[in-house]
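To start, the structure under review is shown below, and the notes come after it.
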Amino acid sequence: MALPPVYVNNCRACEVKYMTVVRTRFSPSPTGSLHLGGTRTALFNWLFARHHQGVFILRIEDTDRERSEERYVREIKESMLWLGLDWDEGPYFQSARLPLYREYIQRLLDQGEAYYCDCDPADLETRRQEALARGDKPKYDGRCRELGLKPGPNTAVRFKTPLTGTTNWHDRGKGPIAFDNRELDDLVIQRADGIPTYNFAVVVDDITMGVTHVIRGEDHIPNTPRQILIYQALGAALPEFAHMTVTLAPGGGKLSKRRGAIPILDYRERGYLPQALVNYMVRLGWAHGDQEIFSREELIKYFSLEHMSKSPGVYDEEKLLWLNAHYIKETPLPELAGLLQPFLERLGIAAKDLNYLARVAGTLNTRSKTLVEMADQARFYFQDPRPYEEKGARKFLTPESAVHLEEIKKRLEALAEFSEAALNQLFQDLTTETGLKMVQLAQPVRLALTGKTVSPGLFDIIIILGKEEVLKRLNLALDFIYKKQ
RNA sequence: GUCCCCAUCGUCUAGCCUGGUCCAGGACACCGGCCUUUCACGCCGGCAACACCGGUUCAAAUCCGGUUGGGGACGCCA
């Protein structure tokens, strides 16, 4: 497929000029949820395309009929959209392109660059295990290579890998990489059931979809020489390859479902903001000087393959949490209220008044690392603060403090307007009159209003709760104290 | 085992290509302090790294080789 020869030169920061419009793709297989690792690949492809004002394609690699499921396709799309990774083309489905692959397979067969193989998969597996046990590289021995087999019910198609020479490319992420062709073997490109395998389908897709830059995890490096050989056999021009580092689990090893990886949508459930996740993922294996916080626009503006790191990074939840806390603080209160609402609902709290919720959020946004935390901390604004935190109640809800609580109640009752200044005056007066420290006055009230020893600023709470509710809660606390005796 | 990739604070990283300005900078975490009605936030300060060995050079975190370590891949999975 010929691409329109558009000269894209809108990128002053870039050394490289692209002769065609940049086209990248993200090609997950719908055999499971989208995790952080795969999403990071999507993000880098998306950023690269956006940076060059190119095209970002979503392609679903569903040639594994056994394990591919529709619900995962939906989850992948939802995850990407949540993060703002929108695609310009697709989703394309490999399962819908079978005739195309067959055509290309036939071409290789006709050219003598592929052949039929009727080896029994079980035998192959045995031989593989034996080779591994022997300490050899488990390669297909090519026993069907020159047999001239015809298509049959149990015949797969293998690619005829050159026996000599080297295959090399200049990786945009890693630099020059070379493989001795003798390390490779004749890989199956079409299964006995007629479905092409991954290594073949990607190549055909990337060729026909005009993909110019293949950006993917470094776990694909060993596949690359095989794919390059197929490009060459098909007489197609090579795309640029850029292999990015994988993400490691804190204990070591690749981050995976078994080792700490959770579905992207679970981050949403756990109260993470998409901006935080995007910011976190991009800084794992990429940097722009010392900058830690990036807006979406900055990311698009600064992103480049040149600044990808070469060594794998370890997933660090603490840093993600820090970023999340940062973005929570940055989010305008009315918007934050909207985000918080569903999390309160989950706690059985129907906070319908968004104005009120915004004021609540304003007292919690510097104290919460996630929306889940924030919702939990917001409970007392909507619910009876009792039962009181036991230790705090023992220390602060005492007969001695009851005297002061009564006095505070009386004065608050008489106070016309609840304002920061008025409340401050009220408490100041009391400290001078009683000789008590502010903390001795404040903690009992805090307990009475929130049930806890830790909370947002006391005056903020009093103002938000309002006179009626505050007096009610003070009475409840006093009852509690009196009943205790 | 074989092949491939990689190697700066506990972690993410800047610097490395274009050796000297680096007794290595930023961030998270951690530890102190300030602020303060609690807890946070914020601010200030601290701890902490060029894996090792050789070579090239007047000079190496930066270039080369090796060792060690980590990671990845070896499917009719993707």
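The values are calculated or read from the model by the stated rules, or taken from the named source; none is laboratory data. Being a predicted model, the structure only gives us computed values, none of them experimental. Virtual Cβ from ideal backbone geometry, glycine too; neighbours counted across all protein chains shown. Side chains are part of the model used for accessible areas, which takes the heavy atoms of the whole protein and leaves out ligands, DNA and RNA. Shrake-Rupley method; radii C 1.70, N 1.55, O 1.52, S 1.80 Å.
Side notes on the structure shown:
- Taking the criterion of being near RNA strand B (Cβ under 8 Å from one of its atoms) and closer than 17 Å to A:Leu478 by Cβ, the residues of the stretch A:413-444 that qualify are A:Leu441, A:Ala442, A:Gln443.
- Between A:Phe303, A:Phe241, A:Phe294, the distinction of being within 14 Å of RNA strand B (Cβ to nearest atom) and without any contact (Cβ under 8 Å) to a residue 24 or more places away in the chain belongs to A:Phe294 only.
- Residues satisfying the stated conditions in the stretch A:127-149, i.e. charged (D, E, K, R) and farther than 20 Å from A:Pro162 by Cβ: A:Arg127, A:Arg128, A:Glu130, A:Arg134, A:Asp136
- Restricting A:Pro456, A:Pro444 to residues that are more than 39 Å from the chain's Cα centre (by Cα) and not β-branched (Val, Ile, Thr) narrows the list to A:Pro444.
- All positions within the stretch A:276-298 that are more than 21 Å from A:Phe241 (Cα to Cα) and over 10 Å from the mean Cα position of the chain (by Cα): A:His288, A:Gly289, A:Asp290, A:Gln291, A:Glu292, A:Ile293, A:Phe294, A:Ser295, A:Arg296, A:Glu297, A:Glu298
- Selection within the stretch A:165-181: residues that are outside any strand (DSSP E or B) and not basic (Lys, Arg). The member of this set that is farthest from A:Lys139 (Cα to Cα) is A:Gly173.
- Some residue of the stretch A:318-336 being out of contact with any helix residue (DSSP H, G or I) (no Cβ under 9 Å at 6 or more places or on another chain), within 30 Å of A:Val246 (Cβ to Cβ) and surrounded by fewer than 14 Cβ atoms within 10 Å (Cβ to Cβ): yes
- The stretch A:428-468 - residue that is surrounded by fewer than 14 Cβ atoms within 10 Å (Cβ to Cβ) and among the charged types (D, E, K, R) and, of those, farthest from A:Lys410 (Cα to Cα): A:Lys437
- A:Gly112 falls short on exactly one of the conditions (1) open to solvent by 10 Å² or more (accessible area, probe 1.4 Å); (2) more than 16 Å from RNA strand B (Cβ to nearest atom); (3) more than 23 Å from A:Gln190 (Cα to Cα), and that condition is (3).
- Exclusive hit being at pLDDT 95 or above, of a type in the set (Val, Ile, Thr) and either out of contact with any strand residue (DSSP E or B) (no Cβ under 8 Å at 6 or more places or on another chain) or part of a loop (DSSP other than H, G, I, E, B) (or both), set A:Thr63, A:Thr39, A:Thr20, A:Thr24: A:Thr39
- Leading residue by the ranking (farthest from RNA strand B (Cβ to nearest atom)) among those in the stretch A:115-125 that are surrounded by 11 or more Cβ atoms within 10 Å (Cβ to Cβ) and within 39 Å of the chain's Cα centre (by Cα): A:Glu125
- Only one of A:Ala351, A:Ala337 that is free of Cβ contacts under 8 Å to residues at least 60 places away in the same chain and outside any helix (DSSP H, G or I): A:Ala351
- Scoring A:Asp266 on the criteria (1) exposed (fewer than 14 other Cβ atoms within 10 Å of the Cβ); (2) within 21 Å of A:Thr247 (Cβ to Cβ); (3) near RNA strand B (Cβ under 10 Å from one of its atoms) leaves a single failure, condition (3).
- Counted residues, the stretch A:391-421 - those being of a type in the set (Gly, Ala, Ser) and surrounded by 15 or more Cβ atoms within 10 Å (Cβ to Cβ): 4
- The one condition from (1) modelled with pLDDT of 95 or more; (2) among the polar types (S, T, N, Q); (3) near RNA strand B (Cβ under 9 Å from one of its atoms) that A:Asn154 does not meet is (1).
- Checking each residue in the stretch A:446-470 for being near RNA strand B (Cβ under 8 Å from one of its atoms), among the hydrophobic types (A, V, I, L, M, F, W, C) and part of a helix (DSSP H, G or I) picks out A:Leu458, A:Phe459.
- Flag if A:Leu163 is without any contact (Cβ under 8 Å) to a residue 12 or more places away in the chain, open to solvent by 60 Å² or more (accessible area, probe 1.4 Å) and more than 23 Å from A:Ala201 (Cβ to Cβ): no
- Residue in the stretch A:142-155 that is in a helix (DSSP H, G or I) and over 30 Å from A:Phe48 (Cα atoms) present: no
- Scanning the stretch A:80-97 for any residue that is of a type in the set (D, E, K, R), touching a residue at least 40 places away in the same chain (Cβ under 8 Å), within 15 Å of RNA strand B (Cβ to nearest atom) and open to solvent by 40 Å² or more (accessible area, probe 1.4 Å) turns up at least one such residue.
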